[in-house]
Amino acid sequence: RKELSVAENMLRSYEREHESLANQNRQLRQAARMQREEVDGRQMQLISELNAAKSAAEANPASMRRVSELEREVAIAKERVEEHAKELERVREHKRQLERELLNGPTTQVEDTKKNQELSELQQQQAQTE
């Protein structure tokens, strides 16, 4: 009877932790989506400004400096998008790891390293097929 009580308490703890992780996941996804939309919007704005500046530069060579500035800004925006994508993937992997630990209990460092290597190999294979 005591073991059953302990097991029920552990189950409730796992359920609370799972709910907490689910809430954190929702918040992270929402924040990532909003950040991506913001960056995408800024990138679209920069591209339209760049296109307008290129048109003006054809008529006025002095505008070429503005074109190069806009091209740099677009490149920076693209880098930020890539950084956000990497950060999002890192957060997703961390979430998956926490979910695995909730289901299976903590893993050892050796198991983590092996799983990370397998995951990396799978991601490389997927990238090659795309």
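The values are calculated or read from the model by the stated rules, or taken from the named source; none is laboratory data. Just so we're clear, the structure is a prediction, and the values are computed from it rather than from any experiment. Cβ coordinates were reconstructed from backbone atoms using ideal geometry, including for glycine residues, and neighbour counts include every protein chain displayed. Areas reflect the complete protein model, heavy atoms only, side chains present, ligands, DNA and RNA absent. Shrake-Rupley method; radii C 1.70, N 1.55, O 1.52, S 1.80 Å.
Search the stretch 59-70 for residues that are among the acidic types (Asp, Glu) and pair each with any residue that is modelled with pLDDT of 75 or more and open to solvent by less than 70 Å² (accessible area, probe 1.4 Å) when their beta-carbon atoms are under 9 Å apart and the residues are at least 6 apart or on different chains.
Between residues of the stretch 59-70 that are among the acidic types (Asp, Glu) and residues that are modelled with pLDDT of 75 or more and open to solvent by less than 70 Å² (accessible area, probe 1.4 Å), the close pairs are Glu69/Ala53.
Six or more apart or on different chains, Cβ under 9 Å: which pairs go from a residue in the stretch 9-25 that's among the aromatic types (Phe, Trp, Tyr) to one that's surrounded by 11 or more Cβ atoms within 10 Å (Cβ to Cβ) and in a helix (DSSP H, G or I)? Could you list them?
Close Cβ pairs (under 9 Å, with a partner that is surrounded by 11 or more Cβ atoms within 10 Å (Cβ to Cβ) and in a helix (DSSP H, G or I)) amount to Tyr14/Leu102.
Check the stretch 55-70 and report whether any residue there is over 17 Å from the mean Cα position of the chain (by Cα), open to solvent by 90 Å² or more (accessible area, probe 1.4 Å) and modelled with pLDDT of 80 or more.
No.
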